[in-house]
Structures are given as structure tokens and as C-alpha cells.
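The values are calculated or read from the model by the stated rules, or taken from the named source; none is laboratory data. Since we're looking at a predicted model, the values are computed, not measured. Counting neighbours? That spans all protein chains shown, and the Cβs are built from the backbone with ideal geometry, glycine included.
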Amino acid sequence: MIADDDHGVDAGYAVADLVAEFLADARSRDVPAPIPRPMAELDALFAEPPPARGLPLTAVLDRVRRDVVPNAAWLHDPTHLGHQLSPPVASAIWIDALTSAMNQSMAVAELSPAATALERRVTRWLADLAGLGERAGGTLAIGATEATLTALLAARATAIPDAWERGVAGVDAVVLASEHAHYSVSRAVAMLGLGSERCLKVASDDRYRLDPDALRARLVECRDAGRTVVAVVATTGSTAVGAFDDLVAISAICAEHDVWLHVDGAHGASALLSPTHRHRVAGIEQATTLAWDAHKMMLLPLSTGVLLARDRALLDQAFQQHAPYLFHGEADLVPDQGRRSFQCSRRGDALRLWVAWQRVGTEGFAALYDGLCATTREIYAAVCEHPQFVPVHEPECNILCFRSNAGDDAARRAAYNASGAGYITLTTLDGLPTLRITVMNPLTTVADGVAMLTALARVRP
């Protein structure tokens, strides 16, 4: 028998205390972020058989406190400047316990009545921000990787209508994307059955944005060769440098060639929330589909990805499933979100987005976005003035890449991270290793950025 003790408030308080303790330590400048042990040591730490009998919750939580928390990436630490992972807003953290407790399945509305209504509402809010129109709709997803796969499946159904039943053998079909597009795009093209080589790279300009003239030339080349273009994928807020493709020009070219435009807005679509930055995504309203990760610049917990479509009926053709034990009636007449998702057993994660939006508000999200970008801009100015470093680009959002004059960036980054002074990451641009920071934490200051540069300059690679 499972003990009923854990259903009471004492157990809840014990877990909440552990979470609050972690948040207090991770956000504090007086508590250095621990450096996780090497993976071999962590494997050994947890190398044990499953317990035959359950342990007291207090003992389990003590083990979590001792072995798990110190070996996690402390995203809430102000000196953590690595990847596009957010230190989530607190209201979303706490409400996740209720989502788990209710354990709703988003496959069909009758198993998630309120959660389905909330998902339809928050996707409506996001679609309205993007200007996608009254026919727009969407679904939550694990992230932009799943959202892009789903969008391209829907695009394939339009370009190759019998692909779901007959496959794509013998069809010369391609997807066009920037050379700086996220790797998930070529992965999705491979999963569509087209083959990863059918993800054709389009050249970028000197700001690492997809070049519209190169795109037009590629489309003409495909047309003349008799190739079917399933979709063009543009990016707002690219992973490497945070570049924003020119959606006004790209959407016009796609309309000219009658091609599906998918926008990977995983990072940059949140600029729509900001009156200061929304000009960077001008033209996004012309997207056929749009991927948007609220777990990035809206600071939601993982995973809170969203896929939106200008015509919601397009998403229903992505998965032409037959499951009479679940789905009943015509797709556009019933609210079941499972028709639009690869997942069946999917949590009601829209609750965390709805709660966070209620708590923070659109203006609050805009202030978060603006603040992160402003801090990055000031760190960029510090890089420009530093004698040992040179910026690779001018930041358009909260991502900044720069290099050391010594040409030892990979080793310098490793030494800096091992020192415990903070955490940054690395990318490759123009064939060269490049230092990269992403300011995801509202607690991070310009002084933190200057201290990072000072420590980076001092470490011995």
C-alpha cells in the first residue's frame, strides 16, 4: 500500500520548503553556485538498486537536497549566462504541483475540460499578439522542435496531399531554411521522410540573417528543376546570435511563389510582447505557422512550447489519425487538442502559462524582455571597450557572441566555467570557436557582465 501521509499538508510544506530553499540560495549573491560533479561521479552516486520498501518522505527529500540540488545547473544564479534556459517566474513554479495533482490528459477535452479551455485561450492570446487573424489556432508542444516538426507535417500534407497514406517515395520535395537555422529543422525534414539532404540551406547576410535575395534565387532554382518546396523556414531570434530574419521580405517572396512560411520564433517571438522590440518581428502576421517557446523569453518552466497556425484547420491535417476510441466528430466542431499534437499523454501545461500571465501581465512580460535586452546591450558596450575581447555582432536581443584576441576561446571558456566564477557557453561562427552569453535572468546586472569579462581575461586556458 502507498502511504496516504504524503497527501497531507505536511508533505506539501516539506516539498515547498525544499523548493523555496533552493530558490533563495540560487538567487542569492552570498551563496556561490555549486559546480556539478563529473558525470562519472554522478553515475556512481546513483548506482544503486531500486528500494524494495519505500522510505520516509523526509529521507527522500534529504537525499534530493544533498545529492540532486548541488549537482544541478543553477539557472537562477545571476552569473549563469549560458543557454536559452529561463529561471522561471515563481507563480508558474508553484502551480505545476497542481497540474501534476490533477493529471489531466490533453488528448481529448472530456479528460481535461478546464485545461483544454485554457489552452485554447492562451493560444488565442498569442495568435492575437502575432496578428494571425480570426481563423488562427494552436496547440502547446514540448518546444519548438516538436512545433516545427508538426508544422512541417502540416505543410507536407498541403504540398504532397497523399503523403500520409502513400509516403514520399519518388517525390522530389525540399524544405528551405537559413544556414543558421536550428538543427531541429533538418532533423524534422529527415523525420518527414524527405531525407536530411532535402533541407536546403539558404545563405545569410553579414548579420547572420537569411538573405532574401538568396532565398528568391533558391526558389526559382527549385521551380525550374521541378522540385516541390514543402516550406520555407525563417527564424526570429536565432540560437547562435539572436538574429531576426526579415519576415516582411521573406513573407512576400513566399507569397509570390505560393510557399508555406513557417517561422521558428522559439526565442524571438516574445518580442511581440514588447512595444520597444516588436518591430523586429514585423511581417510575422504573414506566417502560415509559428513556433513560440514561452519557456524562453516569457520565463516559463520547461516545457511550454506553442505552435500557432494562421488557419487552425491546417494543423488538423498534420496527423490524420483514426482513433474512434478517443476522437468523435468533425475536427473543427470539437475542442480536442490531441488532434493537433504528436503526443497523446500530454499534461495540461497551459495552466502554468495562464497563471503566469495572470500574475505578471503583458506589461510585465514586456518589461522582462526589455530588461534582458537592455542588460545585454550594456554588456556589449563593455565588450567593445575591453582590450582583450571583440564582439562578433551587435545584439538584437539578449544573446551576445564575442571572441578573445588570443584565439583560445574554447579553452578559455572551459577554464572560466571550472573556476566557479560563472557559466557561459560556446558556439561556432564563420568556422571559429566563439564565446557566447545569453542573459536570461532579470537579476543579472551589467556589473555581472563586466565581472565575467574580467574573470575571463584572467583565467589561464
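Give the number of residues within the stretch 161-182 that are touching a Leu at 6+ places or on another chain (Cβ under 9 Å), of a type outside the set (Gly, Ala, Ser), in a loop (DSSP other than H, G, I, E, B) and within 20 Å of Gly237 (Cα to Cα).
Taking the stretch 161-182 and keeping what is touching a Leu at 6+ places or on another chain (Cβ under 9 Å), we get 163-164, 168, 171, 173-181.
Still in the running and of a type outside the set (Gly, Ala, Ser): 164, 168, 171, 174-176, 179-180.
From what's left, in a loop (DSSP other than H, G, I, E, B): 168, 171, 179-180.
So of that shortlist, the ones also within 20 Å of Gly237 (Cα to Cα) come out as 179-180.
Final tally of qualifying residues: 2.
Select from the stretch 356-372 the residues that are among the aliphatic types (A, V, I, L, M) and more than 19 Å from the chain's Cα centre (by Cα) and write down the one among them that is surrounded by the fewest Cβ atoms within 10 Å (Cβ to Cβ).
From the stretch 356-372, those among the aliphatic types (A, V, I, L, M) are 356, 360, 366-368, 372; that's our starting set.
Those still in the list that are more than 19 Å from the chain's Cα centre (by Cα) too: 360, 367.
Details: Val360: 19, Ala367: 16.
Taking the candidates together, the pick is Ala367.
Among Thr116, Thr158, which is closer than 24 Å to Ala234 by Cβ, assigned to a helix (DSSP H, G or I) and in contact with a helix residue (DSSP H, G or I) (Cβ under 8 Å, 6 or more places away or on another chain)?
Numbers: Thr116 fails: closer than 24 Å to Ala234 by Cβ.
The match here is Thr158.
Here is a check on your reading of the model: is Val122 in the same structural domain as Arg312 (by TED's automatic domain parsing) and either on the phi > 0 side of the Ramachandran plot or in contact with a Phe, Trp or Tyr (Cβ under 7 Å, 6 or more places away or on another chain) (or both)? Full working, then the answer.
Details: in the same structural domain as Arg312 (by TED's automatic domain parsing): yes; either on the phi > 0 side of the Ramachandran plot or in contact with a Phe, Trp or Tyr (Cβ under 7 Å, 6 or more places away or on another chain) (or both): yes.
When the stated conditions are applied, Val122 passes them.
Scanning for something outside any loop (DSSP other than H, G, I, E, B), surrounded by 23 or more Cβ atoms within 10 Å (Cβ to Cβ) and either in contact (Cβ under 8 Å) with a residue 60 or more places away in the chain or not basic (Lys, Arg) (or both), does the stretch 411-434 turn up at least one residue?
no
From the list Arg198, Arg227, Arg216, Arg207, exactly one residue is modelled with pLDDT of 95 or more, in contact with a helix residue (DSSP H, G or I) (Cβ under 7 Å, 6 or more places away or on another chain) and more than 19 Å from Ala287 (Cβ to Cβ). Which is it?
Numbers: Arg227 fails: in contact with a helix residue (DSSP H, G or I) (Cβ under 7 Å, 6 or more places away or on another chain); Arg216 fails: more than 19 Å from Ala287 (Cβ to Cβ); Arg207 fails: in contact with a helix residue (DSSP H, G or I) (Cβ under 7 Å, 6 or more places away or on another chain).
Within the list Arg198, Arg227, Arg216, Arg207, the selection yields Arg198.
Condition first: loosely packed, with under 14 Cβ neighbours inside 10 Å and among the basic types (Lys, Arg). Can you find one or more residues in the stretch 14-27 that meet it?
Looking through the stretch 14-27, none of the residues is loosely packed, with under 14 Cβ neighbours inside 10 Å and among the basic types (Lys, Arg).
Look through Thr239, Thr289 and report the one residue that is surrounded by 23 or more Cβ atoms within 10 Å (Cβ to Cβ) and either of a type in the set (S, T, N, Q) or over 25 Å from the mean Cα position of the chain (by Cα) (or both).
Thr289
Could you say which residue among Ala97, Ala92 is surrounded by 14 or more Cβ atoms within 10 Å (Cβ to Cβ) and either touching a residue at least 12 places away in the same chain (Cβ under 8 Å) or within 21 Å of Arg352 (Cβ to Cβ) (or both)? Before the answer, list the steps.
On the way: Ala97 fails: surrounded by 14 or more Cβ atoms within 10 Å (Cβ to Cβ).
Just a single option satisfies the conditions, and that option is Ala92.
Looking at Ser86, Ser178, Ser112, Ser105, which one is polar (S, T, N, Q) and surrounded by fewer than 22 Cβ atoms within 10 Å (Cβ to Cβ)? Lay out the reasoning, then the answer.
On the way: Ser86 fails: surrounded by fewer than 22 Cβ atoms within 10 Å (Cβ to Cβ); Ser178 fails: surrounded by fewer than 22 Cβ atoms within 10 Å (Cβ to Cβ); Ser112 fails: surrounded by fewer than 22 Cβ atoms within 10 Å (Cβ to Cβ).
Exactly one residue qualifies, and that residue is Ser105.
Would you be able to tell me the number of residues in the stretch 262-288 that are assigned to a helix (DSSP H, G or I) and not β-branched (Val, Ile, Thr)? Talk me through it step by step, then tell me what you get.
Let us first name the residues in the stretch 262-288 that are assigned to a helix (DSSP H, G or I), namely 268-273, 278-281, 284-286.
Retained after the next criterion (residues that are not β-branched (Val, Ile, Thr)): 268-273, 278-280, 285-286.
Adding up the residues that qualify gives 11.
Determine which single condition Tyr208 fails, assuming it passes every other condition in (1) at positive phi; (2) out of contact with any strand residue (DSSP E or B) (no Cβ under 8 Å at 6 or more places or on another chain); (3) of a type outside the set (Lys, Arg).
(2)
Given the criteria under 32 Å from the mean Cα position of the chain (by Cα) and either part of a helix (DSSP H, G or I) or surrounded by 10 or more Cβ atoms within 10 Å (Cβ to Cβ) (or both), does Leu55 qualify?
Details: under 32 Å from the mean Cα position of the chain (by Cα): no; either part of a helix (DSSP H, G or I) or surrounded by 10 or more Cβ atoms within 10 Å (Cβ to Cβ) (or both): yes.
When the stated conditions are applied, Leu55 does not pass them.
Can you tell me which residue is surrounded by the most Cβ atoms within 10 Å (Cβ to Cβ) among those in the stretch 119-143 that are part of a loop (DSSP other than H, G, I, E, B) and touching a residue at least 60 places away in the same chain (Cβ under 8 Å)?
So in the stretch 119-143, the residues part of a loop (DSSP other than H, G, I, E, B) come out as 131-136, 142-143.
Right, trim to touching a residue at least 60 places away in the same chain (Cβ under 8 Å) and you get 131-133, 135-136, 142-143.
Numbers: Gly131: 15, Leu132: 25, Gly133: 11, Arg135: 12, Ala136: 20, Ile142: 19, Gly143: 22.
The residue in question is Leu132.
If you go through the stretch 354-361 one residue at a time, do you hit one that is in a helix (DSSP H, G or I), among the β-branched types (Val, Ile, Thr), over 19 Å from Arg124 (Cβ atoms) and modelled with pLDDT of 95 or more? Give the derivation first.
Our first condition is that a residue be in a helix (DSSP H, G or I); within the stretch 354-361, this holds for 354-361.
Subset that is among the β-branched types (Val, Ile, Thr): 355, 360.
When the remaining residues are screened for being over 19 Å from Arg124 (Cβ atoms), the result is none.
Among the residues of the stretch 354-361, not one is in a helix (DSSP H, G or I), among the β-branched types (Val, Ile, Thr), over 19 Å from Arg124 (Cβ atoms) and modelled with pLDDT of 95 or more, which makes the answer no.
Tell me whether the stretch 152-170 contains one or more residues that are within 30 Å of Thr428 (Cβ to Cβ), assigned by TED's automatic domain parsing to the domain that holds Ser345, free of Cβ contacts under 8 Å to residues at least 40 places away in the same chain and within 18 Å of the chain's Cα centre (by Cα).
Among the residues of the stretch 152-170, not one is within 30 Å of Thr428 (Cβ to Cβ), assigned by TED's automatic domain parsing to the domain that holds Ser345, free of Cβ contacts under 8 Å to residues at least 40 places away in the same chain and within 18 Å of the chain's Cα centre (by Cα), which makes the answer no.
When the stretch 379-394 is examined, which residues are found to be touching a helix residue (DSSP H, G or I) at 6+ places or on another chain (Cβ under 9 Å), of a type in the set (A, V, I, L, M) and in contact (Cβ under 8 Å) with a residue 24 or more places away in the chain?
Ile379, Ala382, Val383
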